[in-house]
Amino acid sequence: MRSLLFVPADGGPKLDKAFASGADAVIVDLEDSIAIDRKDAARASATSFIKTAVAQAKRPRLLVRVNGIATGLIDADLDAVVPAKPDAILLPKAEGGASVVHADAKLSAREAMAGIADGHIKILAQAIETAAGIFVAGTFNGASARLIGMTWGPEDLSAELGADANRDQDGRLTAPYQLARSLCLFGAAAAQTAAIETIYADFRNLDGLRRDTDEARRDGFVGRLAIHPAQVSVINEVFTPTAEALAKARAIIAAFAAASGAGAVAIDGVMYDRPHLARARQMLARAGVDA
């Protein structure tokens with residue numbers, strides 16, 4: 001998933017616009033964008049939308065951002081949306097692998113009651129949205145076969161810290177949030193799952209989004225959360241390998257295949273070792289193309 005677009009569960013026409021936006025995934029939000037007195041109505045809206053959307057032959061992946069475990073609201077969220085068979089939930093404030101284990105158990109029980117195959121609904125964890133999440137970012141490995149990725153959130157984190165801002169005047173993350181971002185990236189690698197970059201809140205600044213997303217791809221993130229349909233095309237473009245990048249990956253793989261057992265190969269005067277081979281294979285796998 002390159003682009004994952006948030007839309008409020010009670011968004012009405014916005015739900016259909018998100019579905020048609022070109023995003024790889026649509027996240028129907030029951031958490032931050034829904035006031036407490038609107039939760040029940042939003043659950044009903046989310047369920048109706050997902051039931052219709054999952055039946056479409058060609059569609060984005062459908063996720064539901066439920067409320068966090070500590071809120072006590074997640075059970076009502078899951079009771080409502082699990083029978084609609086979303087592809088995954090986005091679990092906010094997932095403080096370590098234990099949170100994913102807990103969510104897994106909740107999903108298993110409801111899948112069984114709904115006659116859905118165990119493990120059908122996956123989990124994308126918002127792993128670092130709190131200070132506590134910082135210290136358990138490396139504990140997701142093996143937590144659940146449902147885990148399909150990890151992301152993070154500077155907005156909740158900066159509110160907890162009492163910070164004035166999480167980006168500087170140039171739009172770059174300040175030091176505490178650079179650390180949180182890095183820990184999400186390392187935690188996802190340790191858990192052998194996808195690292196998904198957080199939102200870029202200044203949705204009208206597409207140049208800033210592109211720069212920030214280029215840096216995310218460079219560092220190892222494979223997708224990004226979006227908050228506006230206008231961001232989707234930029235995110236998709238950045239996370240789609242160019243023909244040149246695919247050709248280079250294929251050349252590295254071919255060179256190693258021709259030099260069986262070699263620890264390094266030379267291509268046009270440049271040396272490539274086995275980590276380069278691993279990255280080349282990862283790129284082709286993410287692009288869904290053959291070597």
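The values are calculated or read from the model by the stated rules, or taken from the named source; none is laboratory data. From a predicted model like this one, the values you see are computed outputs, not experimental measurements. Please note: Cβ atoms are built from the backbone with ideal geometry, for glycine as well, and neighbour counts cover all protein chains shown.
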(request) State all residues of region 104-125 that are buried (at least 16 other Cβ atoms within 10 Å of the Cβ) and either in contact (Cβ under 8 Å) with a residue 40 or more places away in the chain or assigned to a loop (DSSP other than H, G, I, E, B) (or both); if no residue qualifies, say none. (result) D104, I116, I121, L124
(request) Among the numbered conditions (1) among the aliphatic types (A, V, I, L, M); (2) in the same structural domain as F19 (by TED's automatic domain parsing); (3) touching a His at 6+ places or on another chain (Cβ under 9 Å), tell me where A264 comes up short. (result) (2)
(message) Return the residues of region 217-234 that are closer than 18 Å to I148 by Cβ and either outside the structural domain of A25 (by TED's automatic domain parsing) or in contact with an Asp or Glu (Cβ under 9 Å, 6 or more places away or on another chain) (or both); say none if nothing qualifies.
(response) F221, V222, G223, R224, L225
(request) Check region 16-35 and report whether any residue there is closer than 30 Å to A287 by Cβ, surrounded by fewer than 14 Cβ atoms within 10 Å (Cβ to Cβ) and free of Cβ contacts under 8 Å to residues at least 60 places away in the same chain. (result) yes
(request) Name every residue in region 254-272 that is surrounded by 13 or more Cβ atoms within 10 Å (Cβ to Cβ) and farther than 19 Å from L284 by Cβ, in order of residue number. (result) A262, A264
(request) Just one of (1) part of a helix (DSSP H, G or I); (2) hydrophobic (A, V, I, L, M, F, W, C); (3) within 19 Å of A189 (Cβ to Cβ); (4) touching a residue at least 60 places away in the same chain (Cβ under 8 Å) trips up L277, so point out which. (result) (4)
(message) If a residue must be under 16 Å from the mean Cα position of the chain (by Cα) and loosely packed, with under 15 Cβ neighbours inside 10 Å, how many such residues does region 126-140 contain?
(response) 0
(message) Condition first: buried (at least 22 other Cβ atoms within 10 Å of the Cβ) and not in a helix (DSSP H, G or I). Now tell me which residues in region 150-169 satisfy that.
(response) M150, T151, W152, G153
(message) Can you go through F221, F203 and tell me which one is part of a loop (DSSP other than H, G, I, E, B), under 21 Å from A143 (Cβ atoms), out of contact with any Pro (no Cβ under 6 Å at 6 or more places or on another chain) and hydrophobic (A, V, I, L, M, F, W, C)?
(response) F221
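For (1) closer than 20 Å to A287 by Cα; (2) surrounded by 16 or more Cβ atoms within 10 Å (Cβ to Cβ); (3) of a type outside the set (D, E, K, R), each residue gets a yes or a no:
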| site | (1), (2), (3) |
| --- | --- |
| T213 | yes, yes, yes |
| D219 | yes, no, no |
| V222 | yes, yes, yes |
| A230 | no, no, yes |
| I235 | yes, yes, yes |
| T240 | yes, no, yes |
| A247 | yes, no, yes |
(message) Just checking, does region 240-253 include any residue being of a type in the set (S, T, N, Q) and either in a helix (DSSP H, G or I) or under 20 Å from G288 (Cβ atoms) (or both)?
(response) yes
(message) Any residue at all in region 170-182 that's touching a Lys or Arg at 6+ places or on another chain (Cβ under 9 Å), touching a residue at least 12 places away in the same chain (Cβ under 8 Å) and in a strand (DSSP E or B)?
(response) yes
